[in-house]
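Novice: First the structure, then my questions, so here it is.
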Amino acid sequence: MNNAYLSYNNIVSALGNNSNDVIDKITNEQSGLELIDDKKILSEPFCASLIDNLALNTIFEDFSDKKNEYTRLEKIMIVSLGQVIQKANISLTERTGLIISTTKGNIDVLEKNSIFPKNRSYLHVLGQAIKKHFGFINDAIIVSNACVSGILSVAIAKRYIDANVYDDVLIVSGDMVTRFVLSGFQSFQALSQTPCKPYSIYRSGINIGEAAASVLVTGKINNLTTESVEILGDGSCNDANHISGPSRKGEGLYRSIKIAIKEAKISPAEIDYISAHGTATLFNDEMEAIAFNRLGLSKTPLNSLKGYFGHTLGASGLIETIVGMHALKNNMLYTSLGFDKLGVSQNINIIKKGANQKLDIFLKTASGFGGCNTAVIFKKVQYA
């Protein structure tokens, strides 16, 4: 079995166009969330994090002079993945895989004012656009499994490397704030007009964000970065409870983490930090607290990063994994922004204020509509 590592990485979001800028903002507890009042998108004001169009188009010019040929999501993905490919200086051969993770893809092309044909909404067409732009030999593998898509892609890349199918896998994850997405969450009465408060007794719902994230997953020890981590284990389980409501006992998440811990050959006590899902909805946060307690993780430092980005859907798991990589490198626990007073039935150790602490292993979890749950465990790479 081949070891798999996360290496070169990038985040494009309201907080910046590269991982280092984003980490600096998180360290200083700066949020990308703001109140938006745009009747073309939603009839009432909503809180979200949006990527600046002018800044996006400016940086996109470094990667293409054909900005009118690409959708907004494709441009965000190309900017993110392009920076990773450049930094890694990697050749795209038949041994290089491409994974694209997204929840809704180019859903905005279905709107009346779109200049693009309707077939651009198909996920495989999105995959073809990214493949063609960069010149990948292999077709893109599309991962679209609700809000676990970003972290599930990491687990899938690991398995391809374990099986010796690829030497390297490049992942790009992305989703956008659109009328379709906002109206869907509004129908659940799940949107908050104020910055979200994961795990708080005062939480009132989620904020939606848009972003793209990219990472190189490799089996090559000689192509790592100072923030690289090894993937120790992963697990995915569907609790089959409800189309939008998770198991009240956290069964799917509990089993996913348990599977990941078993593969990683560690004990729960060896996990130094949890990067949780933490959507700030009533049922998700409660379910997570129950699952973590069932595994003996109630005292493990934990945060949700939704207070910085909002919920970036299919990109969230990968973005939060990249932040976790930098947390291990910097030996830094980042504040769970928005948290004030515990509002779940089980005790969990929310990071109320950023602090330095020696970190070696972290757990990333995600849960999504349809009952999907994924957990992946990462370990800091020790350099001689």
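Novice: When the range 243-289 is examined, which residues are found to be modelled with pLDDT under 95, hydrophobic (A, V, I, L, M, F, W, C) and either surrounded by 15 or more Cβ atoms within 10 Å (Cβ to Cβ) or not in a loop (DSSP other than H, G, I, E, B) (or both)?
Specialist: Residues satisfying the conditions are 282, 283.
Novice: Next question, about the same structure. Only residues that are crowded, with 21+ Cβ neighbours inside 10 Å and on the phi > 0 side of the Ramachandran plot: list them for the range 1-45, please.
Specialist: Once the filter is applied, which keeps residues that are crowded, with 21+ Cβ neighbours inside 10 Å and on the phi > 0 side of the Ramachandran plot, the range 1-45 yields nothing.
Novice: Test each condition in (1) over 30 Å from residue 187 (Cβ atoms); (2) crowded, with 16+ Cβ neighbours inside 10 Å; (3) in contact with a Ser or Thr (Cβ under 8 Å, 6 or more places away or on another chain); (4) not hydroxyl-bearing (Ser, Thr, Tyr) for residue 60 and report the one that comes out false.
Specialist: Exception for residue 60: condition (3).
Novice: Is there any pair linking a residue in the range 62-82 that is assigned by TED's automatic domain parsing to the domain that holds residue 18 and farther than 11 Å from residue 120 by Cβ to one that is hydroxyl-bearing (Ser, Thr, Tyr) and at pLDDT 95 or above, with Cβ under 8 Å and at least six apart or on different chains, and which?
Specialist: Filtered contacts from the range 62-82: 64/70; 77/214; 78/70; 80/214; 81/214.
Novice: Continuing with the same structure: For the range 202-222, indicate whether the set of residues that are in contact with a Ser or Thr (Cβ under 7 Å, 6 or more places away or on another chain), hydroxyl-bearing (Ser, Thr, Tyr), crowded, with 20+ Cβ neighbours inside 10 Å and assigned to a strand (DSSP E or B) is non-empty.
Specialist: yes
Novice: Filter the range 86-106 for residues that are closer than 22 Å to residue 222 by Cβ and surrounded by fewer than 21 Cβ atoms within 10 Å (Cβ to Cβ) and give the result.
Specialist: 86, 87, 88, 89, 90, 91, 92, 93, 94, 95, 96
Novice: Then there's this: Is it the case that residue 339 is on the phi < 0 side of the Ramachandran plot, modelled with pLDDT of 95 or more and outside any loop (DSSP other than H, G, I, E, B)?
Specialist: So residue 339 does not fit the description; no.
Novice: If you don't mind, another one. Would you point out which residue out of 15, 73, 56, 35 is under 26 Å from residue 182 (Cα atoms) and in contact with a Cys (Cβ under 6 Å, 6 or more places away or on another chain)?
Specialist: So the residue among 15, 73, 56, 35 that is under 26 Å from residue 182 (Cα atoms) and in contact with a Cys (Cβ under 6 Å, 6 or more places away or on another chain) is 35.
Novice: Please tell me if residue 295 is within 20 Å of residue 333 (Cβ to Cβ) and out of contact with any Gly (no Cβ under 8 Å at 6 or more places or on another chain).
Specialist: yes
Novice: Among the residues of the range 298-336, write down those that are in a loop (DSSP other than H, G, I, E, B), among the polar types (S, T, N, Q) and surrounded by fewer than 24 Cβ atoms within 10 Å (Cβ to Cβ).
Specialist: 298, 300, 331, 335
Novice: Is one or more of the residues making up the range 225-242 surrounded by fewer than 19 Cβ atoms within 10 Å (Cβ to Cβ) and at pLDDT 95 or above?
Specialist: Checked the range 225-242: at least one residue is surrounded by fewer than 19 Cβ atoms within 10 Å (Cβ to Cβ) and at pLDDT 95 or above.
Novice: Residues that are at pLDDT below 95, assigned by TED's automatic domain parsing to the domain that holds residue 85, part of a helix (DSSP H, G or I) and closer than 23 Å to residue 310 by Cβ: does the range 126-138 have at least one?
Specialist: no
Novice: Somewhere in the range 159-166, is a residue hydroxyl-bearing (Ser, Thr, Tyr), under 22 Å from the mean Cα position of the chain (by Cα) and at negative phi?
Specialist: yes
Novice: Return the residues of the range 259-286 that are under 15 Å from residue 367 (Cα atoms), out of contact with any Lys or Arg (no Cβ under 7 Å at 6 or more places or on another chain) and not aliphatic (A, V, I, L, M); say none if nothing qualifies.
Specialist: Result: 277, 281, 283, 284, 286.
The values are calculated or read from the model by the stated rules, or taken from the named source; none is laboratory data. These numbers were taken from a predicted model, which means no experiment stands behind them. Here the Cβ is made from the backbone with ideal geometry for all residues, glycine too, and neighbour counts use every protein chain on show.
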